[in-house]
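Input: a single structure, listed below in C-alpha cells.
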Amino acid sequence: MPDTSEWSQTVGLNRQDKAAVIKEVQEIVSKSSVIVIAEYRGLSVQAVTKLRADARKNGVTLRVVKNTLVRRAVEGTEFAGLADQFAGPLVYGFSADPVAAAKVIVNFAKDNEKLVLKGGAMANYVMDVEAVKNLASMPSRDELLAKLMATMNEPIAKFVRTINEVPARFVRTVAAVRDAKEAAA
C-alpha cells in the first residue's frame, strides 16, 4: 500500500495504489459527518506541521490526495455534491464531530492567509465558505456534552447543599447556645 500519511500527495501512483487510496478515503468518509476543503498553496512546512498538530489534537483527519481520487471516493455518498468543488491543491479535513474540522481549518486560516477555505459538506448539504465559518463558530460536541452534564448535575448539587445545611445549622445553633452559657457563667 502506498504511503498515505496525513500529508501525502498521490502523484505517480499505479492503478492498484490508486485503488488503495480510494478505499482508504472511502473508509475515512464513511466515519465522517463533515468534510471541509481548503486550498493550501504556499504554506510553509512549519504552518503545515502546526495545522496537522491542531487537527490531530481535535480528532480531525487531514489528507492531501489527488482530487480525482477523492471524487471517486465520495461517489454515491452523502458528500457527492461537494465533488464539483474539487479543483486546485486542496487539503481535505474529515471528522466525526461536525464542528471539529470546520473549527480547525477556519481558526488556522484566520492566522495564515495562505490557507484559503473553499467550502465543505455535511450529509447531503454542500456548504459555502460562510456556512463553514458559521459551523466553526458553534460549540463542539464535547462542549455541548460538558454543558449538558453541568446542567444535569446542578439539581443534585443543590439538593446535597440543602441536605448539608440542616446539620450545619444545628451545629451553629449548639455552638451559639454553648457560647451564651459560657458568657452567662
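Inside the range 149-160, residues that are exposed (fewer than 10 other Cβ atoms within 10 Å of the Cβ) and not hydrophobic (A, V, I, L, M, F, W, C) make up a count of 2.
Pairs linking a residue in the range 94-123 that is free of Cβ contacts under 8 Å to residues at least 24 places away in the same chain and assigned to a helix (DSSP H, G or I) to a residue that is among the small types (Gly, Ala, Ser) and surrounded by fewer than 18 Cβ atoms within 10 Å (Cβ to Cβ), with Cβ atoms under 6 Å and 6 or more positions apart or on different chains, do not occur. Kindly check whether there is at least one residue in the range 29-44 that is modelled with pLDDT under 90, closer than 15 Å to ALA121 by Cβ and among the hydrophobic types (A, V, I, L, M, F, W, C). Scanning the range 29-44 turns up at least one residue that is modelled with pLDDT under 90, closer than 15 Å to ALA121 by Cβ and among the hydrophobic types (A, V, I, L, M, F, W, C).
Here the condition is being surrounded by fewer than 20 Cβ atoms within 10 Å (Cβ to Cβ) and under 16 Å from the mean Cα position of the chain (by Cα); of GLU143, GLU113, it holds for GLU143 alone.
Listed here are the residues, each with its yes/no results for (1) closer than 23 Å to ALA53 by Cα; (2) modelled with pLDDT under 90.
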residue: GLN85; (1), (2): no, yes
residue: ASP111; (1), (2): yes, yes
residue: GLY119; (1), (2): yes, no
residue: PHE159; (1), (2): no, yes
residue: PHE170; (1), (2): no, yes
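For the range 41-60, taking the residues that are hydrophobic (A, V, I, L, M, F, W, C) and surrounded by 12 or more Cβ atoms within 10 Å (Cβ to Cβ), the one that is nearest to the chain's Cα centre (by Cα) is identified as VAL60.
Scanning the range 71-85 for residues that are touching a strand residue (DSSP E or B) at 6+ places or on another chain (Cβ under 6 Å) and either part of a helix (DSSP H, G or I) or surrounded by fewer than 18 Cβ atoms within 10 Å (Cβ to Cβ) (or both) returns GLY81, LEU82, GLN85.
Suppose the filter is assigned by TED's automatic domain parsing to the domain that holds GLU78, surrounded by 11 or more Cβ atoms within 10 Å (Cβ to Cβ) and in a helix (DSSP H, G or I); does ALA131 pass it? When the stated conditions are applied, ALA131 passes them. Write out, first by first residue and then by second, each pair whose Cβ atoms fall under 7 Å of each other, whose residues are 6+ apart or on separate chains, and whose first residue, in the range 74-93, is in the same structural domain as GLY59 (by TED's automatic domain parsing) while the second is of a type in the set (A, V, I, L, M) and surrounded by fewer than 13 Cβ atoms within 10 Å (Cβ to Cβ). Sorted first by the residue in the range 74-93, then by its partner, the pairs are GLU78/ALA123.
The values are calculated or read from the model by the stated rules, or taken from the named source; none is laboratory data. Nothing here was measured: the structure is a model prediction, and the numbers come from that model. As a convention, Cβ positions derive from the backbone with ideal geometry for all residues, glycine included, and neighbour counts pool all protein chains shown.
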